[in-house]
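The structure appears right after this line, and notes come after that.
Please treat every number below as a calculation from the coordinates, not as lab data. Since this is a predicted model, take the numbers as computed values, not measurements. Counting neighbours? That spans all protein chains shown, and the Cβs are built from the backbone with ideal geometry, glycine included.
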2 protein chains.
Amino acid sequence: MRADARRNRDRIVEAARAVVAERGIEAPMELIARRAGVGVGTVYRRFPDRHALIAAMAEQYIHEIADALTKAEESERGAWAAVRSFVLWCGDQGRGALAAALADLPQELFEEMREFVTVRANMVERLEALVAAAQERGEMRADVGADDLMTLLNIFTCHPTPRGEHYLRVMLDGIATG
Amino acid sequence: MRADARRNRDRIVEAARAVVAERGIEAPMELIARRAGVGVGTVYRRFPDRHALIAAMAEQYIHEIADALTKAEESERGAWAAVRSFVLWCGDQGRGALAAALADLPQELFEEMREFVTVRANMVERLEALVAAAQERGEMRADVGADDLMTLLNIFTCHPTPRGEHYLRVMLDGIATG
DNA sequence: ACTAAGCGGAAGATCGTCGTCCAGTTAGGA
DNA sequence: TCCTAACTGGACGACGATCTTCCGCTTAGT
């Protein structure tokens, strides 16, 4: 692949993430192309259809999240601190908006996204372990699980508001054992 | 107006509320007509365009909310209890979904909806008073205001999930002074 | 039983997005 | 420098979803 083509490909994936986070999974291809500074034709040459683009995007995205979780795990300030900082990290930068957009992806699409599915499953497992540890130590209420955390993240970040991060903190205060 | 026409009119407004709550403010008119058990033609005779229908719907809706707030105020179990029960009432039955849908209404539309605007303004004022009282008594954290409560309601109810009410309760625990 | 009011839904208009195609441009090797 | 294969942008026709109108049939109510 020619160097300029490579550069454009990367720009397109990045633009897709931003646009999908803002406008949802059905954002027009032209918006993505514009944001990347290329024409629609260029997008379609690199990615035969929007599915391919979404898959590329999702893969990059899930790896970032998984890395953040690893960092949180390694911080060694306790399970609840790890959960908390991971949630706040996810809430930041509208990452969750992308997650929300991916969440209502048609089921059949996931079958072309093996890597994404695998990495995500692994991540959920690790988050569950962290939550269980925090609960065992009595640092976190027992009626909220890892899946609830992910749902809540989706809810908050998919609905952008100026005080989103503040709300997330209030929510975390409600989740922490008082 | 003939009795059957009146009946249909009411049914249409009710159907519109349900459909808009589920599918957003841009839900197809045909869906609303179907849900009301009438043809699209009937909808358009009663309401010249979707704006008129939305206005009728919004008016009915805001009165219900205002009534609920009145009930909460009258319960006399304290300001925080009133705020809490009002928020939970709103969260119930997907009322917020409708609020969310109304929230991203084009600005110019509100100018044809005087009644709605007036009643809503009055309601917000009363909620603010309740919040101030709860905060003064130290029952509620000071960094969350009436507008935040409304935003949070929108956020939660516009994004329907099986555990929505539970999340709202957790959130309220975070908002209450611990 | 008569008629004004009401009814449903087919049909045509409109709109936004998709994905293709091709004439023109450019990277980078010889 | 020159050459060409690779790449580029965006106009364009197709398409599906939704809007709104219109009209022949039905019905409430006198």
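Taking a ≥ b ≥ c as the square roots of the eigenvalues of the alpha-carbon gyration tensor, the protein assembly as shown is classed oblate because a/c is 1.5 or more while a/b is no larger than b/c.
Axis between A and B by rotation; chain A residue with nearest Cβ and distance in whole Å recorded as A:GLY174, 1.
For B:LEU105, inter-copy separations between label points set 7 Å beyond Cα along the Cβ vector come to 3.7 nm, shortest first. The GluC sites (Glu not before Pro) of the stretch A:134-178 include none that meets both criteria, a DSSP state outside H, G, I, E and B (loop) and at most 16 other C-beta atoms within 10 angstrom of the site's C-beta. The convex hull built on the alpha-carbon positions of chain A has an orientation-averaged projected area of 11.0 nm².
Between the C-alpha center of the stretch B:58-129 and that of the stretch B:145-177 there is a gap of 15 Å.
Site-free segments of chain B were taken between trypsin sites (Lys or Arg not before Pro) in DSSP loops having at most 11 other Cβ atoms within 10 Å, sites themselves excluded; the longest one is B:78-178. From its DSSP helices (H runs of at least four residues, each -39,500 (n - 2.57)), chain A gives a residue-normalised ellipticity at 222 nm of -24000 deg cm²/dmol. With each label modelled as a point 7 angstrom along the Cα→C-beta vector, the A:ARG6-A:GLU136 pair spans 4.7 nm.
Computed about the Cα centre, the dipole magnitude for the stretch B:86-135 is approximately 220 debye when only Lys and Arg (+1) and Asp and Glu (-1) carry charge, each at its Cβ. If you line up the long axis of helix A:79-91 against the longest principal axis of chain A, both from Cα atoms, how many degrees apart are they, to the nearest 10? For A:79-91 against chain A, the angle is about 30 degrees.
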